[in-house]
Amino acid sequence: MGSSYQRGWVRLRGKKWYGYFRRTELDPATGQPKPAVAQVILGLKTEMSKSQAREKLECEISRLGKQPTGDKSMINGAVTFGWFVNHRYLPLKEADWREETAKVKKHIIKADLVDEFRDIRLENIDKFTLQTHLNKLARSRSRDRVLQIRSYVKAIFAEAVDQDFLAKDPARSLKPPSNLRESDNTTLTWDQLRSALAKLGLRDRILLKLDMTNALRPSELFGLKWKCFDANAPGISIQETTYKGKIRSFGKTRGSLTTVPIAGELAAELAEWRDQSKDPSPEAFIFPGRFGGFMDSSNFRHRVLHRLAEELELPKLTFQVIRRTIATLAQKKGTVKDVQGMMRHSRTATTTDVYMQELPEGVRATVNSIHLELMGTGTSGPQSAASGTRSSIPARQHPNQSDRVNMTGRTRDREPATGKGGKATSEPSQKKVLKFAANLLPNGESGDLLNA
């Protein structure tokens with residue numbers, strides 16, 4: 001249908017001019033178009049006449065007064081946030097998301113955005129409204145959740161502008177709240193990891209040791225079958241993953257499905273476990289559940305990991321903590337690229353910025369190493385006044401043995417000192433430094449320095 005050419009009408013209410021015109025809006029309950037009267041604030045009476053108010057209203061009608069298109073969607077500000085997300089944004093994005101990912105993303109968008117702005121028109125949502133909503137979420141949501149919501153908000157409104165539902169993007173310059181909660185950075189020590197392994201039986205010990213040595217994700221760990229195990233290499237081929245009771249032929253990242261090396265001793269333990277297993281066939285799971293299928297990771301976490309954390313008084317013990325711990329402790333076992341390869345991250349920044357944490361003993365060792373390097377140059381700190389000695393700074397030997405260049409660029413001939421019998425003696429290092437420093441001072445102060 002074509003655009004509306006109505007002129008609308010203007011009324012004075014209080015101190016302001018208000019404009020009115022008819023247009024079609026969407027009924028939030030039925031999703032069908034319905035006639036309505038739109039209201040626009042035009043300005044103060046003191047700033048414009050009635051004719052000027054009418055002219056401004058005509059501009060507003062030309063901007064907002066388009067009629068619905070053939071599919072009964074509104075190409076104007078009458079569209080609500082909830083309608084746009086459900087009918088224009090999600091249908092475009094769902095094709096790019098995997099099934100499980102789509103469920104999580106849609107739940108977050110609904111809980112933190114749609115429920116808040118469902119019936120508010122897109123044109124009435126501004127930067128202030130969005131920023132205050134993010135700041136409020138930061139008080140009750142995790143850091144990662146708030147940053148996710150910010151990303152979704154920016155994507156939704158960018159899409160609204162791209163589809164001509166809005167002329168300006170109110171989310172373009174949204175900032176992350178400054179009061180974001182700190183992320184969980186819990187890590188354990190080697191002794192704590194060893195004490196956890198010592199408490200477990202053969203199956204659970206092998207399972208957890210495999211998880212620790214190769215930093216496997218639980219979805220990868222519980223999807224392993226005996227056909228994935230190669231005792232000769234030795235190595236493990238990650239071919240499938242598990243998620244919420246389903247077997248998937250893909251992993252979290254492109255590099256997830258690959259072959260990872262394992263330690264020879266661990267390979268021997270796996271072979272021993274295979275001999276004891278009820279079903280060692282290639283299609284059987286290495287760590288089966290009670291009924292032969294794959295084990296549920298959340299069940300193992302509550303039944304084994306949480307119990308170990310309580311018995312050993314550990315701050316926390318989960319698969320995520322183990323993965324973060326291994327990435328942190330591995331800093332001294334290989335290069336950053338080695339750790340990235342072990343973690344199978346697509347970007348080094350994920351390894352260094354998200355998983356690796358600083359080691360206090362490593363920071364102290366670095367400080368001590370820097371101090372030793374400084375002391376290795378011959379520079380020592382000031383000594384106590386009780387010793388009565390001065391800190392000595394060795395003079396730098398000039399490449400040209402016959403001349404010394406001062407700061408003005410002039411050269412001075414070296415005059416060797418003479419001792420008994422007229423033999424030349426070397427001048428003490430401290431005296432050389434003082435004479436050199438005297439050349440850099442004004443004439444009135446150089447004598448004081450040499451006589452000190």
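The values are calculated or read from the model by the stated rules, or taken from the named source; none is laboratory data. Since we're looking at a predicted model, the values are computed, not measured. Here the Cβ is made from the backbone with ideal geometry for all residues, glycine too, and neighbour counts use every protein chain on show. Accessible surface areas use protein heavy atoms only, side chains included; no ligands, DNA or RNA. Shrake-Rupley method; radii C 1.70, N 1.55, O 1.52, S 1.80 Å.
The table for this structure:
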read-out	value
Count of region 317-330 residues which are over 15 Å from Leu197 (Cα atoms) and more than 19 Å from the chain's Cα centre (by Cα)	2
Unmet criterion (only one of (1) modelled with pLDDT of 90 or more; (2) on the phi < 0 side of the Ramachandran plot) for Glu313	(2)
Extreme residue, nearest to Arg88 (Cα to Cα), among residues of region 147-188 that are of a type in the set (Ser, Thr, Tyr) and in contact (Cβ under 8 Å) with a residue 60 or more places away in the chain	Thr186
Test: Thr258 is buried (at least 17 other Cβ atoms within 10 Å of the Cβ), polar (S, T, N, Q) and touching a residue at least 24 places away in the same chain (Cβ under 8 Å)	no
Qualifying position, being free of Cβ contacts under 8 Å to residues at least 24 places away in the same chain and under 22 Å from the mean Cα position of the chain (by Cα), among Lys136, Lys110	Lys136
Hits in region 50-94 (condition: of a type outside the set (Lys, Arg), open to solvent by 50 Å² or more (accessible area, probe 1.4 Å) and modelled with pLDDT of 85 or more)	Ser51, Gln52, Asn86, His87, Pro91, Leu92
Exclusive hit being in a helix (DSSP H, G or I), farther than 19 Å from Pro280 by Cβ and in contact (Cβ under 8 Å) with a residue 60 or more places away in the chain, set Leu193, Leu200, Leu210	Leu193
Failed criterion for Asp279 (all others in (1) in a helix (DSSP H, G or I); (2) loosely packed, with under 14 Cβ neighbours inside 10 Å hold)	(1)
Residue match in region 124-141 (condition: of a type in the set (Phe, Trp, Tyr), out of contact with any strand residue (DSSP E or B) (no Cβ under 7 Å at 6 or more places or on another chain) and buried (at least 18 other Cβ atoms within 10 Å of the Cβ))	no
Which listed residue is hydroxyl-bearing (Ser, Thr, Tyr) and within 28 Å of Arg194 (Cβ to Cβ), from Thr253, Thr350	Thr350
Condition met for Gly251 (open to solvent by less than 70 Å² (accessible area, probe 1.4 Å), at pLDDT 90 or above, touching a strand residue (DSSP E or B) at 6+ places or on another chain (Cβ under 7 Å) and not in a helix (DSSP H, G or I))	no
Output for region 150-183, where each listed residue is of a type outside the set (Gly, Ala, Ser), under 30 Å from Arg324 (Cα atoms), in a loop (DSSP other than H, G, I, E, B) and open to solvent by 20 Å² or more (accessible area, probe 1.4 Å)	Lys175, Pro176, Asn179, Leu180, Arg181, Glu182
Residue within region 168-191 that is among the aliphatic types (A, V, I, L, M) and over 22 Å from the mean Cα position of the chain (by Cα) present	no
Among the candidates Arg11, Arg22, residue that is surrounded by 13 or more Cβ atoms within 10 Å (Cβ to Cβ), modelled with pLDDT of 85 or more and in a strand (DSSP E or B)	Arg11
Filtered residue count, region 220-238, keeping only those that are of a type outside the set (Phe, Trp, Tyr), surrounded by 20 or more Cβ atoms within 10 Å (Cβ to Cβ) and outside any loop (DSSP other than H, G, I, E, B)	3
Residues of region 261-276 that turn out to be in a loop (DSSP other than H, G, I, E, B) and buried (at least 18 other Cβ atoms within 10 Å of the Cβ), as a count	1
Tally of residues being farther than 17 Å from Trp190 by Cβ, open to solvent by 10 Å² or more (accessible area, probe 1.4 Å) and hydrophobic (A, V, I, L, M, F, W, C) across region 291-318	3
Residues of region 239-248 classified as within 26 Å of Ala267 (Cβ to Cβ), open to solvent by 60 Å² or more (accessible area, probe 1.4 Å) and not in a loop (DSSP other than H, G, I, E, B), total	1
